[in-house]
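The values are calculated or read from the model by the stated rules, or taken from the named source; none is laboratory data. Bear in mind that the values here come from a model prediction, so they are computed numbers and not experimental data. Methodologically, a virtual Cβ is constructed for each residue, glycine included, from the backbone with ideal geometry; neighbour enumeration extends over all protein chains shown.
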Amino acid sequence: MMPLDVLFGYAEHPTERCMLAINNLSEVYGIRAVRVDESARQVRVEFDATRLTRVIVQQLLRRTGLDITGEISLIPPQPAPKTDTQPEQPAVR
(Lines give C-alpha, C1' and ligand atoms only; values in the text may rest on other atoms or scores of the structure.)
Protein backbone atom coordinates (compact mmCIF):
# COMPACT_ATOMS: atom_id res chain seq x y z
CA MET A 1 0.00 0.00 0.00
CA MET A 2 1.23 3.49 -0.87
CA PRO A 3 -0.92 6.18 0.80
CA LEU A 4 -1.09 9.55 -0.94
CA ASP A 5 -3.00 12.74 -0.24
CA VAL A 6 -4.42 15.00 -2.91
CA LEU A 7 -6.05 18.39 -2.38
CA PHE A 8 -8.65 19.92 -4.70
CA GLY A 9 -10.33 23.29 -4.68
CA TYR A 10 -13.99 23.73 -5.54
CA ALA A 11 -16.08 26.70 -6.64
CA GLU A 12 -19.60 26.41 -5.27
CA HIS A 13 -20.74 25.27 -1.86
CA PRO A 14 -21.71 21.57 -2.11
CA THR A 15 -25.37 20.65 -1.81
CA GLU A 16 -26.61 18.20 0.79
CA ARG A 17 -26.91 15.52 -1.89
CA CYS A 18 -23.32 16.21 -2.97
CA MET A 19 -22.06 15.99 0.62
CA LEU A 20 -23.78 12.62 1.06
CA ALA A 21 -22.12 11.37 -2.13
CA ILE A 22 -18.73 12.67 -0.92
CA ASN A 23 -19.27 10.84 2.38
CA ASN A 24 -19.95 7.63 0.43
CA LEU A 25 -16.57 7.91 -1.34
CA SER A 26 -15.01 6.25 1.68
CA GLU A 27 -16.77 3.06 0.51
CA VAL A 28 -14.67 3.04 -2.69
CA TYR A 29 -11.89 0.47 -2.47
CA GLY A 30 -8.64 2.42 -2.18
CA ILE A 31 -10.01 5.63 -0.65
CA ARG A 32 -8.96 5.90 2.98
CA ALA A 33 -10.36 9.29 4.02
CA VAL A 34 -12.14 12.34 2.63
CA ARG A 35 -12.05 15.70 4.42
CA VAL A 36 -13.98 18.77 3.30
CA ASP A 37 -12.90 22.25 4.44
CA GLU A 38 -15.89 24.43 3.59
CA SER A 39 -14.27 27.69 4.72
CA ALA A 40 -11.26 27.19 2.41
CA ARG A 41 -13.40 25.50 -0.30
CA GLN A 42 -11.07 22.53 -0.42
CA VAL A 43 -11.45 18.77 -0.27
CA ARG A 44 -8.57 16.49 0.71
CA VAL A 45 -8.58 12.81 -0.18
CA GLU A 46 -6.23 10.19 1.22
CA PHE A 47 -6.03 7.20 -1.11
CA ASP A 48 -3.99 4.10 -1.91
CA ALA A 49 -1.86 4.87 -4.97
CA THR A 50 -1.53 1.17 -5.79
CA ARG A 51 -5.31 1.06 -6.38
CA LEU A 52 -6.21 4.54 -7.66
CA THR A 53 -4.65 7.55 -9.39
CA ARG A 54 -5.13 11.28 -8.85
CA VAL A 55 -7.13 11.46 -12.09
CA ILE A 56 -9.53 8.73 -10.93
CA VAL A 57 -9.96 10.44 -7.55
CA GLN A 58 -10.76 13.72 -9.32
CA GLN A 59 -13.29 11.95 -11.57
CA LEU A 60 -14.94 10.35 -8.53
CA LEU A 61 -15.24 13.77 -6.88
CA ARG A 62 -16.76 15.27 -10.04
CA ARG A 63 -19.32 12.45 -10.14
CA THR A 64 -20.54 13.51 -6.69
CA GLY A 65 -21.57 16.84 -8.20
CA LEU A 66 -18.73 18.84 -6.69
CA ASP A 67 -17.52 21.66 -8.96
CA ILE A 68 -13.76 20.97 -8.88
CA THR A 69 -11.63 23.97 -9.89
CA GLY A 70 -8.31 22.10 -9.85
CA GLU A 71 -5.65 20.38 -7.82
CA ILE A 72 -3.85 22.38 -5.13
CA SER A 73 -0.22 21.63 -4.31
CA LEU A 74 0.40 20.30 -0.82
CA ILE A 75 4.01 21.50 -0.98
CA PRO A 76 4.33 25.11 0.21
CA PRO A 77 6.04 27.57 -2.13
CA GLN A 78 9.79 27.64 -1.64
CA PRO A 79 11.62 30.94 -1.04
CA ALA A 80 13.52 32.40 -3.97
CA PRO A 81 17.23 31.61 -3.90
CA LYS A 82 19.42 34.44 -2.65
CA THR A 83 21.51 36.06 -5.32
CA ASP A 84 24.98 37.33 -4.59
CA THR A 85 24.91 41.10 -5.22
CA GLN A 86 28.69 41.58 -4.95
CA PRO A 87 30.64 41.24 -8.20
CA GLU A 88 33.29 38.57 -8.34
CA GLN A 89 36.77 39.86 -7.56
CA PRO A 90 39.65 38.79 -9.76
CA ALA A 91 42.01 36.23 -8.31
CA VAL A 92 45.21 37.65 -6.82
CA ARG A 93 48.42 36.18 -8.25
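Looking only at residues of segment 10-23 that are in contact (Cβ under 8 Å) with a residue 24 or more places away in the chain, in contact with a Ser or Thr (Cβ under 9 Å, 6 or more places away or on another chain) and surrounded by fewer than 15 Cβ atoms within 10 Å (Cβ to Cβ), we find that the one that is farthest from L60 (Cα to Cα) is A11. The set of residues from segment 6-63 being closer than 23 Å to P76 by Cβ and of a type in the set (V, I, T) comprises V6, V34, V36, V43, V45, V57. Can you tell me which residues in segment 33-57 are within 15 Å of C18 (Cβ to Cβ) and either of a type in the set (A, V, I, L, M) or part of a helix (DSSP H, G or I) (or both)? Listed by number, the residues that qualify are V34, V36, V43, V45. Selection of segment 1-21 for residues being closer than 13 Å to D67 by Cα, hydrophobic (A, V, I, L, M, F, W, C) and in contact with a strand residue (DSSP E or B) (Cβ under 6 Å, 6 or more places away or on another chain) yields F8, A11.
Right, E71: at pLDDT below 95, touching a strand residue (DSSP E or B) at 6+ places or on another chain (Cβ under 7 Å) and surrounded by 12 or more Cβ atoms within 10 Å (Cβ to Cβ) or not? Here the answer is yes, as E71 does meet what is asked.
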